[in-house]
1. Calculated from the structure, P(r) over Cα pairs in 10 Å bins from 0, in percent equals which of [x] 20, 30, 30, 19, 2; [y] 21, 48, 24, 7, 0; [z] 26, 56, 18, 0?
2. Taking the Cβ of C18 as the center, what net charge do the other residues with Cβ under 15 Å away carry, scoring Lys and Arg +1 and Asp and Glu -1?
3. Quick check for me: using +1 on Lys/Arg Cβ and -1 on Asp/Glu Cβ, what's the dipole size of the chain about its Cα centre, in debye to the nearest 20?
4. Assuming a strict under-24 Å limit between Cα atoms, what lysine pair count do you get for the chain once near-sequence pairs (fewer than 8 apart, same chain) are dropped?
5. List the trypsin sites (Lys or Arg not before Pro) in the chain that DSSP assigns to loop (not H, G, I, E or B) and whose Cβ has at most 14 other Cβ atoms within 10 Å. Which are they?
6. Hey, what do the phi angles of segment 48-56 turn into as Karplus ³J(HN,Hα) couplings, whole Hz, using 6.51/-1.76/1.60 and θ = phi - 60°, x for Gly and Pro?
Amino acid sequence: MTKAPFTVVPREDLDPICPHCTQPITEVYTKAKGPGWFLFPKTAIYFCPHCRKVIGFSQSRMA
């Protein structure tokens, strides 16, 4: 079985849609906590500006 290659296609004509409220997302809100040092990473949460439900998390040691 052959696998199809994974392709990333830029689409500036489309806006993503919130998986919770289905509103188009033209901006994302973020809130971060932590100093962002090597042993103490900075944690960020990303959320919808319309319904304020969580879209994702990230963690960085080099903030």
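1. [x]
2. Numbers: positive: R52, K53; negative: D15, E27.
Result for the neighbourhood of C18: 0.
3. Working: 8 positive and 4 negative charges, 85 e Å.
Rounded to the nearest 20 debye, it is 400 debye.
4. Details: K31/K42; K31/K53; K33/K42; K33/K53; K42/K53.
Summing the qualifying lysine pairs gives 5.
5. Details: sites: K3, R11, K31, K33, K42, R52, K53, R61; in loops: K3, R11, R52, K53, R61.
Passing both the DSSP loop test and the Cβ count: K3, R11, R52, K53, R61.
6. 5, x, 8, 9, 6, 7, 5, 9, x
Where a number appears in this text, it was derived from the coordinates with a stated rule and is not lab data. As the structure is a prediction and not an experimental result, all values here were calculated from the model. Neighbour counts run over all protein chains shown; Cβ positions are idealised from the backbone, glycine included.
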